[in-house]
1. Ignoring any ligand, DNA or RNA, what whole percent of the accessible area of the chain comes from carbon and sulfur when the probe is 1.4 angstrom?
2. Can you give the accessible area per residue of the stretch 144-220, in Å², using a 1.4 Å probe?
3. Counting DSSP beta bridges with both partners in the chain, what percentage is antiparallel, nearest 5?
4. What distance in nm lies between label points placed 7 Å from Cα along the C-beta direction at ASN269 and ASN41?
5. Considering only DSSP states other than H, G, I, E and B, which chymotrypsin sites (Phe, Trp or Tyr not before Pro) in the stretch 107-168 qualify as loop sites with at most 10 other Cβ atoms within 10 Å?
6. How would you classify the stretch 326-467 from its alpha-carbon gyration tensor, with a ≥ b ≥ c the square roots of the eigenvalues: rounded for a/c under 1.5, else prolate if a/b is greater than b/c, otherwise oblate?
7. Could you tell me which of the pairs LYS80/LYS339; LYS383/LYS449; LYS384/LYS449; LYS383/LYS458; LYS69/LYS231 are separated by over 31 angstrom between their Cα atoms in the structure shown?
8. Suppose R0 equals 35 Å. What FRET efficiency, 1/(1 + (r/R0)^6) with r the Cβ-Cβ distance, do GLU356 and ASP213 give to the nearest 0.05?
Amino acid sequence: MKKREFLKIAGLGTLGIAGTNARVTGAPDLVVPWDKKQAFNMCGYAAPKMDVVRIGYIGMGNRGGGAIKRIVHLASVQVKGVADILPEKANSAKKFLTEAGHTPDAYSGSPDAWKKLCERDDIDLIYICTPWNLHAPMALYAMEHGKHVATEIPAATTVEDCWKMVETSERTKKHCMMLENCCYDFFELLTLNMARQGFFGEIVHVEGAYIHDIFESLFQKDKRFDLWRLKENQRNGNLYPTHGLGPVAQILDINRGDKMDYLVSMSSNDYMLRARADELATRDPDFKKYAGKSYRGNMNTTTIKTNKGKTIMLQHDVSSPRPYSRLHLISGTKGAAQKYPLPEDGIQGRISHGHEWVKADEFKALEEKYRPEIVKRVGELAKKVGGHGGMDFLMDWRLIDCLRNGLPLDQDVYDAASWSVISPLSEWSVANKSNSIDIPDFTNGSWKKNRPVDIALKEGGNTEVKS
């Protein structure tokens, strides 16, 4: 039976077919066109060079506070402004940056104070570090006001906002990059280069995950503003797919030679979140509005099929008490690699070209042979500056270097949209007995000709680092 005929018989409508989607009780609203005409191809787009990148930051909490501490180590940047809904956060960031030689203005005092930062004429890049539901509105507003955008993950939480970001970036010709730092972790970069050099042969299957026990922090009022992440966990799906997906998507050349076709998603029951919310509500009135609610299942597993027949497995669990894992796994016709659980012999991960993982001495030889150019140039310095072991600094350095030299970004708006859209699509699948659902082609067919991400650094690479 043809897929379209089956969906009609099942009463789901032509789900995933261009222009039509189904409304299902308890599932996210997916009633948006699945394919739209491309106004301009942002993949490979090089914006005009700029000698100095002038930056405005929105959100001075956990991620924003770390971002400004990294940026002061880069030359050829000027931080012109910082914004946060809490005045003490904005003023503290302004003080830190002023002492580091920048002259930022602080914006706060109202939920819309950040808009004034976007409206300035002397800013090139808006760097967004706010709660998830604000990423897309802020990115759209910034691009409409002539700014390039770098936003924390996920870039959007709805299919509609993913499309809005794509359309706005194409129309304004402003970059919209999602700050997926795991693409710059050292082992992920190593396996990307190995894949490019053919070490794994034809890639068959990849896996990624975000398994991180942050259960207690979800209920700590001083941890996240207005308990925003607890509220997000009332959605049931893979809420945070991009840490695991981003690096393997680059290895598979997603949006640049291949594309994700459809997914299937399944969640376990919730065995912890509602119980804790109910318990807290008995002794703290602030939690009464969270009691009796439905929450995300402990573990979500999402599987994806690509146009070329490759498979992707993603997992998400931030409440179960288990060791941290991003489960970066590559399986090909000639070899494999895996990170997490971490080896105990001091190496980054595991590599195999047979039935067993190679020994530490052979791993180190392979590491030396396939070390990516970006790691050769600034890897050791990145480890000293820090930010999740240095990957955050590598990400910032590369972003600024591309903008300064007028180079295409490693992650474009199509990556931001297609990696982020897994979240609402997984919600739909979970709510519909794990039925499959098509993944929009945000490139509108350009994936067939788009070039893979440049990892050779043949151009640029001249952004200096200060002590």
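The values are calculated or read from the model by the stated rules, or taken from the named source; none is laboratory data. None of these values were measured; they are calculated from a predicted model. Cβ atoms come from the backbone with ideal geometry, glycine included; neighbour counts cover every protein chain shown. Side chains included, ligands, DNA and RNA excluded: accessible areas come from the protein's heavy atoms. Shrake-Rupley method; radii C 1.70, N 1.55, O 1.52, S 1.80 Å.
1. Details: 9550 of 19590 Å².
So the carbon and sulfur contribution to the accessible surface is 49 percent.
2. On the way: 2090 Å² over 77 residues.
Ligands and nucleic acids excluded, the result is 27 Å² per residue.
3. Working: 29 of 57 bridges.
Antiparallel: roughly 50 percent of the beta bridges in the chain.
4. Distance between label points: 5.1 nm.
5. Numbers: sites: TYR107, TRP114, TYR127, TRP132, TYR141, TRP163; in loops: none.
Filter output for the stretch 107-168: empty list.
6. On the way: a/c = 1.86, a/b = 1.15, b/c = 1.62.
Oblate, because a/c is 1.5 or more while a/b does not exceed b/c.
7. Working: LYS80/LYS339 39 Å; LYS383/LYS449 36 Å; LYS384/LYS449 39 Å; LYS383/LYS458 23 Å; LYS69/LYS231 29 Å.
From the list (LYS80/LYS339; LYS383/LYS449; LYS384/LYS449; LYS383/LYS458; LYS69/LYS231), the Cα-Cα distance tops 31 Å for LYS80/LYS339; LYS383/LYS449; LYS384/LYS449.
8. Numbers: r = 31 Å, r/R0 = 0.87.
So the FRET efficiency works out to roughly 0.70.
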